[in-house]
Amino acid sequence: MATIEELDEQAREILRRNDRGGYSVPTAGLYPYQWNWDSAFSAYGYAEFDIDRAWTELETLFSGQWDNGMVPHILFHQADDGYFPGPDVWGAQGHGPIDSSGISQPPVAAAFARRIHDLDPSVGAERVGALFEPMLKWHRWFMKCRGESGAICITHPWESGRDNAPSWDKSLAAVDASNVGPYVRRDTGHVDASMRPTKYDYDRYIAIVNFGRDNNWDEDVILTDGPFRVADPTMTFTLLRSHRDLSYLGQELGRDTSEVDGWIEELESGAASLWNETIGAYDTKDLRTGEFGGTASSASFLNWYGGVENGVALDTLKQFNAGTKYGVASHDPRLGSFDPKRYWRGPVWAVVNYLVGSGLGSCGHMQEAEKIRQDTAELISKNGFAEYYDPNTGEPAGGGSFSWTAAVWLSWASPSAGEGN
Ligand code: DGY
């Protein structure tokens, strides 16, 4: 088995190899563009060995910000036939300075900006100073365009990052995909189809994209008539955490933080609306029907990352982790719908482990935090820098040489990492 030093070097090498000049692709082939939350994780990985490059990653991400404040989930910097759906399917040209998708992704950028700032405040104050207003504008967009229920919702499963999680099954079933027509998927040319979403799911993903494009990504129309609107713990707790970190940065910079401080209070009470007593966990909630998704997922345990304590959730997390060799499974291993290789229906993701584990640690749950960090370290050191892993066998799944897995290794899971050790 490779030594810690060798693994650290492999991780740095993955980030360097996935660097396309100012931004990183998640992995070559499968994801050939700049993805929003992948990029924020990559920035944190770079910060372990190249602070300047870390800031550049975030700056490039915000260079694609739309006029309305939204920061897209994909920036199509250079055309690439290996990915579907590309810029023409999204039809979002003209909304921002760079061709992009029409939806966003979990807002972890401000949280990482704070951590990168704190690693070297002399460089950080200058770089983050220019990013403060764009980050504030993005957070304002979330509160205005995704915050009507008090919690933060998504308008497409891709917006949550947890594309085919069972959390969306009931809401996706209500999406009419009858007019989608033929299309050619590219993902299954890169990765075995058994590890990816089904055609049933993809038809609905494309139907939702078509709705946004046909309505010129008008947020008012998407709010009133969009086919999918589900409040989500990932969005809610990552935004809550990022609000807190943005407020911290604002204070460091001597800026007015009253607006963001108000959002923190609003979101703390909005997050409570996602508590599902029946399953003892934070859950998704369909805003069209008022119904909970009805299943716990790894996103249910992001409350500590958001700075929200909950003893019942801690018990549920322990039961969840007792069901698999490695935690944290993306879907409840006690349920029949658990599928250990299919993307967000069971596999463990190092990035979510970071969010859950570091959140637990910052709330003083050191034992649980350390178990998750050690599981992550073992998964990576035994199986490489995969996109995700089978939580029972540890087998790598999805894409390989993954930027955000390398970043999580460097910044948190590696015994030589800066954080939490
Ligand atoms: C994909 O293409 O699988 C992505 O997750 C969409 O963002």
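The values are calculated or read from the model by the stated rules, or taken from the named source; none is laboratory data. Note that the structure is predicted; figures quoted are calculated from it, not measured. Here the Cβ positions follow ideal geometry from the backbone for every residue, glycine too, while neighbour counts run over all protein chains shown. Only protein heavy atoms, including side chains, enter the accessible area calculation; ligands, DNA and RNA are left aside. Shrake-Rupley method; radii C 1.70, N 1.55, O 1.52, S 1.80 Å.
What the table shows:
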{"read-out": "Lys, Arg +1 and Asp, Glu -1 on Cβ, resulting dipole of region 39-181 about Cα centre, debye, nearest 20", "value": "540 debye"}
{"read-out": "Tensor-based shape of region 343-421 (alpha-carbon gyration tensor, a/c under 1.5 rounded, otherwise prolate or oblate)", "value": "prolate"}
{"read-out": "GNM flexibility winner over the chain from HIS73, HIS331, HIS95 (Cα, springs under 10 Å)", "value": "HIS95"}
{"read-out": "Radius 10 Å from Cβ of ARG185, net charge of other residues (Lys, Arg +1; Asp, Glu -1)", "value": "+2"}
{"read-out": "Region 89-145 and region 1-65: distance between their alpha carbon centers, rounded to Å", "value": "16 Å"}
{"read-out": "Accessible-area composition of the chain, carbon plus sulfur, in percent [1.4 Å probe]", "value": "48 percent"}
{"read-out": "Total charge dipole magnitude, the chain, about the Cα centre, Cβ charges on Lys, Arg, Asp, Glu only, Debye to nearest 20", "value": "700 debye"}
{"read-out": "Region 141-286: equivalent-ellipsoid semi-axes (sqrt of 5 x gyration tensor eigenvalues, Cα, Å)", "value": "31, 17, 16"}
{"read-out": "Interchain or long-range residues, amide H under 5 Å from ASN276's placed H", "value": "ALA281, TYR282, ASP283"}
{"read-out": "Value of relative contact order over the chain, rounded to a whole percent, pairs C-alpha under 8 Å and six or more apart", "value": "18 percent"}
{"read-out": "Extension gain (nm, one decimal) between PHE49 and GLU395, 0.36 nm per residue minus Cα-Cα", "value": "121.7 nm"}
{"read-out": "Region 226-380 - Rg (one decimal) and Dmax (whole number), Cα, Å", "value": "16.1, 52"}
{"read-out": "Förster radius 41 Å - calculated FRET efficiency between GLU370 and THR289, Cβ distance, rounded to 0.05", "value": "0.55"}
{"read-out": "GNM top mover of SER300, SER100, SER362 - the chain, alpha-carbon springs below 10 Å", "value": "SER362"}
{"read-out": "Calculated SAXS-style log₁₀ I(q)/I(0) at q = 0.11 Å⁻¹ - region 4-413, Debye, Cα scatterers", "value": "-0.74"}
{"read-out": "Solvent-accessible area per residue for the chain (1.4 angstrom probe, square angstrom)", "value": "35 Å²"}
{"read-out": "Charge dipole of the chain about the Cα centre (unit charges at C-beta), most positive-ward option of VAL184, CYS363, VAL352", "value": "VAL184"}
{"read-out": "Length released on extending from ALA322 to VAL123, taking residue separation times 0.36 nm less the Cα-Cα span", "value": "67.3 nm"}
